[in-house]
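A quick write-up on the structure given underneath.
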Amino acid sequence: MDLDKAREGSRLGLSQALSLVENGLPFSTEEEGDVIGITGAPGVGKSCLVDQLAQAYARNGEKVAILAVDPSSPISGGALLGDRLRMESADLDDLIYMRSVATRGESGAVPSVVADMVAVLKECGWKRIIIETVGSGQAEFRIAAVADTIMLVEAPGMGDAIQSEKAGIVELVDIIVVNKSDLKGADETAANINSALSAGSKSIPVMQVSSHTGDGITYLVQAIDEVADSGISRAQWQERLASQWMRKMSHHPNLDSILDKLESSQISIKEAILLMEGKE
Amino acid sequence: MATPLRIVIAKPGLDGHDRGAKVVARALRDAGHEVIYTGLRRTPEQIVRTVIDEDAQFLGLSSLSGAHAHLFPRVCKLLQESDVGHVIVFGGGIIPTADRPALFEAGIKAIFGPGTSSNQINDFISTAAAKDDAGCGAESDWHWGD
Ligand SMILES: Nc1nc2c(ncn2[C@@H]2O[C@H](COP(=O)(O)OP(=O)(O)O)[C@@H](O)[C@H]2O)c(=O)[nH]1
Ligand SMILES: [Mg+2]
């Protein structure tokens with residue numbers, strides 16, 4: 001793949017490279033970067049928050065790339081990608097690059113190609129990368145496979161996810177953001193989250209921001225850098241490993257023939273695993 | 001499965017009505033395409049930037065405000081100047097018949113009035129996608145319909 005144009009700053013060159021990778025060309029890089037994963041229920045204001053963060057980085061003269069991931073329809077295979085609606089700054093500022101990504105055939109909220117798209121961005125000089133993804137139970141954990149810093153977004157009146165389905169997410173999350181602090185009930189939401197967290201052993205900052213007024217965004221930017229310095233947790237490493245493992249499996253050259261044999265009862269699961277490991 | 005087409009649906013101009021654009025966006029999604037919806041009141045420059053960032057093959061422009069006569073050709077011109085003359089552009093909304101020849105001349109390849117069925121739009125998309133001279137910067141004067 002020819003990245004010369006993209007490295008020299010051509011947005012079209014970058015976009016076309018990202019498409020090649022999205023369509024299946026593997027890519028990896030040794031280049032480093034800071035990848036922030038933002039997850040949370042639909043409507044909590046993730047896209048508005050991403051817009052605010054991107055503007056804050058751009059104001060500091062920093063380039064920032066955004067990947068906004070939304071699910072493909074399992075029926076038609078198509079997708080409606082509407083995050084740009086809330087990210088007008090991406091159309092205006094040369095320091096901001098924004099790309100919508102559909103999950104295509106993959107079940108998780110973050111398809112495995114996203115890791116390779118992130119690699120393309122890093123390789124082309126986009127070191128600060130934000131990934132927005134819809135939280136949907138277990139699947140959202142896959143963001144840990146690509147992001148260095150994970151932010152869970154909540155909002156008043158949306159129910160809080162910490163209490164309910166997402167036991168375990170606390171292991172992976174670095175910052176919890178209560179967005180819409182301009183609305184009534186934000187204090188209460190933050191207090192509820194804090195008291196739920198106090199039962200656990202990990203201390204996670206809970207920050208209030210308003211993506212409408214911009215309140216709290218500066219503090220959030222600082223907090224992101226602080227937690228980024230503290231490195232990647234064991235639980236995060238486990239997600240990274242699991243995701244790469246899955247990827248390896250779904251790209252295994254003999255996957256089809258092994259599935260054929262399983263389907264026709266020629267082999268057991270145990271034998272299939274040995275075949276995949278090349279030990280038959 | 002074939003790689004989905006990427007289609008940007010945008011609304012230049014100042015009118016605040018996006019129901020029609022949203023209906024088209026959903027119909028295209030249901031036909032298996034990846035549709036990037038940009039929201040209201042985007043400038044031609046912003047729309048072209050979106051098309052480039054998203055590496056879209058198609059761009060659908062919607063206008064109800066009479067802005068089409070000036071803004072649609074401007075978008076086509078900017079696309080050509082930005083090396084993305086391969087992008088196929090179609091228009092929708094309220095566009096008088098008398099205005100259409102000039103828009104085709106500018107590089108718009110189809111114009112759909114209110115009440116167009118999604119089948120018609122999808123037929124256009126698949127026909128145009130199979131052609132190699134349907135881009136807004138192509139020399140050919142092919143366009144959809146008569
Ligand atoms: N009052 C208020 N509304 C917000 C705020 N942030 C986002 N919203 C609104 O919440 C809705 C969903 O926002 P969006 O960013 O699309 O949420 P997402 O689905 O999580 O990406 C929109 O109507 C926003 O205008 C905020 O800080 N305060
Ligand atoms: Mg969003």
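The values are calculated or read from the model by the stated rules, or taken from the named source; none is laboratory data. Please read these numbers as outputs of a predicted model, since none were measured by experiment. Positions of Cβ are backbone-derived with ideal geometry, glycine not excepted, and every protein chain shown enters the neighbour counts.
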With the range A:56-164 as the region, which strands (runs of 3 or more DSSP E) entirely inside it contain at least 1 residues that are within 13 Å of chain B (Cβ to nearest Cβ) and either within 14 Å of ligand 1 (Cβ to nearest atom) or modelled with pLDDT under 90 (or both)?
A:64-70, A:79-81, A:96-102
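Given B:116, B:43, B:50, which one is β-branched (Val, Ile, Thr) and over 30 Å from residue A:75 (Cβ atoms)?
Values: B:116 fails: over 30 Å from residue A:75 (Cβ atoms); B:50 fails: over 30 Å from residue A:75 (Cβ atoms).
Of the residues listed, the single one that is β-branched (Val, Ile, Thr) and over 30 Å from residue A:75 (Cβ atoms) is B:43.
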Taking the range A:179-229 and keeping residues charged (D, E, K, R) and either farther than 30 Å from residue A:33 by Cα or assigned to a helix (DSSP H, G or I) (or both) leaves A:182, A:184, A:187, A:188, A:225, A:226, A:229
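Kindly indicate which of B:109, B:131 is crowded, with 17+ Cβ neighbours inside 10 Å and basic (Lys, Arg). Don't jump to the end; show me each part of the working.
Details: B:131 fails: crowded, with 17+ Cβ neighbours inside 10 Å.
None of the others qualify; the one that does is B:109.
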Within the range A:32-53, can one find any residue that is in the same structural domain as residue A:102 (by TED's automatic domain parsing), over 18 Å from residue A:149 (Cα atoms) and more than 16 Å from ligand 2 (Cβ to nearest atom)?
no
Under 7 Å between Cβ atoms, at least 6 apart or on separate chains: pull out the pairs that start in the range B:2-24 with a residue that is touching a residue at least 12 places away in the same chain (Cβ under 8 Å) and end on any residue that is surrounded by fewer than 17 Cβ atoms within 10 Å (Cβ to Cβ) and of a type in the set (A, V, I, L, M, F, W, C).
B:5/B:129; B:11/B:40; B:16/B:40; B:18/B:40
Since residue A:46 meets every condition but one in (1) within 9 Å of another protein chain (Cβ to nearest Cβ); (2) within 16 Å of ligand 1 (Cβ to nearest atom); (3) of a type in the set (Lys, Arg), which condition does it not meet?
(1)
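Residue check: is residue A:56 more than 16 Å from ligand 2 (Cβ to nearest atom) and of a type in the set (A, V, I, L, M, F, W, C)? Step through it out loud before you land on a result.
Details: more than 16 Å from ligand 2 (Cβ to nearest atom): yes; of a type in the set (A, V, I, L, M, F, W, C): yes.
Answer is yes for this residue.
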Taking the stated definitions as given, is residue A:179 modelled with pLDDT under 90 and assigned by TED's automatic domain parsing to the domain that holds residue A:49?
no
Which members of the range A:230-250 meet the condition of being of a type outside the set (D, E, K, R) and either within 17 Å of residue A:110 (Cα to Cα) or assigned to a helix (DSSP H, G or I) (or both)?
A:235, A:236, A:237, A:238, A:241, A:242, A:243, A:244, A:245, A:246, A:249, A:250
Of the residues A:18, A:3, A:49, A:12, only one is among the aliphatic types (A, V, I, L, M) and free of Cβ contacts under 8 Å to residues at least 24 places away in the same chain; which?
A:12
If you go through the range A:2-46 one residue at a time, how many are assigned to a strand (DSSP E or B) and among the small types (Gly, Ala, Ser)?
2
